[in-house]
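**Student:** The structure's right below; bear with me while I get my questions together.
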Amino acid sequence: MSSGALHSDRRFDRKEVRVMLVRRSPIWAELRAIQRELTDLVDRIFGTEAAAFAGFVPALDMYFQDGHCVIRADLAGVAPEAVEVLVHGNTLMIRGERKAPEVPRDDVVMLGIPYGRFERTVSLPEGLDTEAVKAQWLNGILEIRIPVAQKLLPKKVPVEIAA
C-alpha cells in the first residue's frame, strides 16, 4: 500500500472539520463523566441536599447596545428587594440572596436548586458614565444600563464635496 493511499486529497470546509473534531474528541464525554462522578461522591458524603447548599452564582451577559453597556443577570427566584447593585470606579457588584423555601427535612424528596447569598463582581470597560447607571427588573432578569461617555461614541463626520 502506498503512502498516497493513506492520505486523501479531499479538502474539508471549516464546518466539517468542527463537526469531526467534536465527534472524535472524547474530552466532553470525559468531562461529563467526571462531573457525574463528583456529584455522586458529594451525594454519598453529604447526602442529596448538598447540591442545594453549593451556592448560587447568577449567570451574566454583558454587551454594548444603543450607546450603553448592558449587564443582564439571571436572578430567577430572587426577590427584587433582596438584590443590591453597587458601582465603585470601574467595578460593578451585584449581590443578594435567593432564599430556600421552608420545607421539613422529612418531606424533602430532592433538592437541586442552589440557594443562598451571592455576589458577582464585574470589571467595567473604560469610558462609561458610571454616574448615570440605571437598573430595571423584569421577569427575574436584572438589567443594568450604563451609558458610554459621549466623547467615546462614534461621531458622524459629514463629507463635503470639493469644488
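**Student:** In region 61-106, what GluC sites (Glu not before Pro) fall in a loop by DSSP, with at most 15 other Cβ atoms inside 10 Å?
**Tutor:** 102
**Student:** Let me ask something else about it. Sticking with the crude label model, points 7 Å out along Cα→Cβ, report the distance from residue 120 to residue 135 in nm, one decimal please.
**Tutor:** It works out to 1.2 nm between the two label points.
**Student:** So for the pair residue 93, residue 111, with labels modelled 7 Å out along Cα→Cβ, what separation do we get in nm?
**Tutor:** 2.7 nm
A short reminder: the numbers here are calculations on the coordinates, not readings from a lab. No experiment lies behind these values; they were computed from the predicted model shown. FYI the Cβ positions are ideal-geometry reconstructions off the backbone, even for glycines, and counts take in every protein chain you see.
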